[in-house]
1. Go through region 34-56 and give me each residue that's more than 22 Å from residue 217 (Cα to Cα) and touching a Phe, Trp or Tyr at 6+ places or on another chain (Cβ under 9 Å).
2. Look at residue 186 and say whether it is in contact with a strand residue (DSSP E or B) (Cβ under 9 Å, 6 or more places away or on another chain), among the polar types (S, T, N, Q), over 22 Å from residue 238 (Cα atoms) and assigned to a helix (DSSP H, G or I).
3. Quick check on this structure: which one of 236, 251, 224 is aliphatic (A, V, I, L, M), surrounded by 22 or more Cβ atoms within 10 Å (Cβ to Cβ) and under 20 Å from the mean Cα position of the chain (by Cα)?
4. Out of all the residues in region 226-241, which are in contact (Cβ under 8 Å) with a residue 12 or more places away in the chain and part of a loop (DSSP other than H, G, I, E, B)?
5. Cβ-Cβ distance below 7 Å, separation of 6 or more or different chains: which pairs start in region 122-135 with a residue that is over 14 Å from residue 104 (Cβ atoms) and end on one that is part of a strand (DSSP E or B)?
6. Looking at 269, 242, 208, which is the one that is over 19 Å from residue 138 (Cβ atoms), modelled with pLDDT under 95 and surrounded by 15 or more Cβ atoms within 10 Å (Cβ to Cβ)?
7. Within the bounds of region 250-269, is there any residue that is out of contact with any Gly (no Cβ under 6 Å at 6 or more places or on another chain), among the aliphatic types (A, V, I, L, M) and assigned to a loop (DSSP other than H, G, I, E, B)?
8. State all residues of region 4-60 that are hydroxyl-bearing (Ser, Thr, Tyr) and closer than 24 Å to residue 253 by Cα; if no residue qualifies, say none.
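The values are calculated or read from the model by the stated rules, or taken from the named source; none is laboratory data. The structure presented is a predicted model; accordingly, all values stated were derived computationally and were not measured. Methodologically, a virtual Cβ is constructed for each residue, glycine included, from the backbone with ideal geometry; neighbour enumeration extends over all protein chains shown.
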Amino acid sequence: MKLKYFGTAAYEGVPALFCQCDTCKRALALGGKNLRTRAQALIDDAILIDFNADTVAHYHTYKFDFTKIKYCLITHSHSDHFYPADIEMFAGQGYTHNVTHIDFYGAKSVYDQLEAIINDKDLWVDPARMSAFEVKPGDLLTLGGYKAVVAAADHDPKSTPVIYGIEDNKGKRILYAHDTGCFTDSVIADLKKLGRFDLVSLDCTGAFNAEGWEHGHMSLRTDALMKDLLLKEGLADEKTVFVVNHFSHNAFFGHDHEELCSEAAKHGFIVAYDGLELEV
């Protein structure tokens, strides 16, 4: 089971447009893994996670095959994760050609916007191109040979945020948990519907912050607490790969990627970067 990180930044990207903070200026000067587009990932070439405005840039960079993508799981409706204008281009006849069907999944705020696209008579939508499905926390989804569990995210409730655990047909499991704060008892209960995860990817928007970040987003400190919780609850073990992802320039305080890696390694975390591919 493979997870490819196309983008690893929060809303602003790194360096952020317009910004002249120390982190952004240093990232621009250093380049490489310090340059981050907004968060998006692909599982086994088949399941795309989130569809943001950087999708076209990710397509140009990584040259993935859209005809192999059968499912797109949207975490919430904030624009750095969900950019419906580009989905309109996919759905509407005349903008793109010879496309294959994709099933889109999202909670209510996302689903309502997907349905609006499908029902927009001005777009000349081809129903063979896409379907939309509403998800709720606790749902178990069947995605061809995959299963997925949906759990609530602790984030802006207007965006109806969720996280996803995905299992392949060999029993390998990945937890993709971004734009969320610390896990509640109900989240743990929902994740147990799948069981132990082989790879866990955690939100780290707060990065180097030493205090707070229990709600909305997490930091290295709270990620370490969630790692301990998952281990305690049997949802991870010593073989589980733990990754931190989804970074904001506002929480780097001038540090670079390598310095973040050094700090994250103290907690047993790999630091995601644009283009990172992991297999479990």
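1. Step one: filter region 34-56 for residues more than 22 Å from residue 217 (Cα to Cα), giving 43-47, 55-56.
Once the filter is applied, which keeps residues that are more than 22 Å from residue 217 (Cα to Cα) and touching a Phe, Trp or Tyr at 6+ places or on another chain (Cβ under 9 Å), region 34-56 yields 43, 44, 45, 46, 47, 55.
2. Values: in contact with a strand residue (DSSP E or B) (Cβ under 9 Å, 6 or more places away or on another chain): yes; among the polar types (S, T, N, Q): yes; over 22 Å from residue 238 (Cα atoms): yes; assigned to a helix (DSSP H, G or I): yes.
Criteria met by residue 186.
3. Working: 251 fails: surrounded by 22 or more Cβ atoms within 10 Å (Cβ to Cβ); 224 fails: surrounded by 22 or more Cβ atoms within 10 Å (Cβ to Cβ).
None of the other options fit; the residue is 236.
4. Within region 226-241, the first condition is being in contact (Cβ under 8 Å) with a residue 12 or more places away in the chain, and the residues that meet it are 226-227, 229-230, 233-237, 239-241.
Across region 226-241, the qualifying residues are 233, 234, 235, 236, 237, 239, 240.
5. 123/92; 124/92; 124/93; 126/93
6. Working: 269 fails: modelled with pLDDT under 95; 242 fails: modelled with pLDDT under 95.
Matching residue, one of 269, 242, 208: 208.
7. First pass over region 250-269, keeping only residues out of contact with any Gly (no Cβ under 6 Å at 6 or more places or on another chain): 250, 252-269.
Restricting the remaining residues to those that are among the aliphatic types (A, V, I, L, M) gives 260, 264-265.
Cutting the leftovers down to assigned to a loop (DSSP other than H, G, I, E, B) gives us none.
Within region 250-269 (the criterion being out of contact with any Gly (no Cβ under 6 Å at 6 or more places or on another chain), among the aliphatic types (A, V, I, L, M) and assigned to a loop (DSSP other than H, G, I, E, B)), the answer is no, since none of the residues qualifies.
8. First pass over region 4-60, keeping only residues hydroxyl-bearing (Ser, Thr, Tyr): 5, 8, 11, 23, 37, 55, 59.
Listed by number, the residues that qualify are 5, 8, 11, 23, 37.
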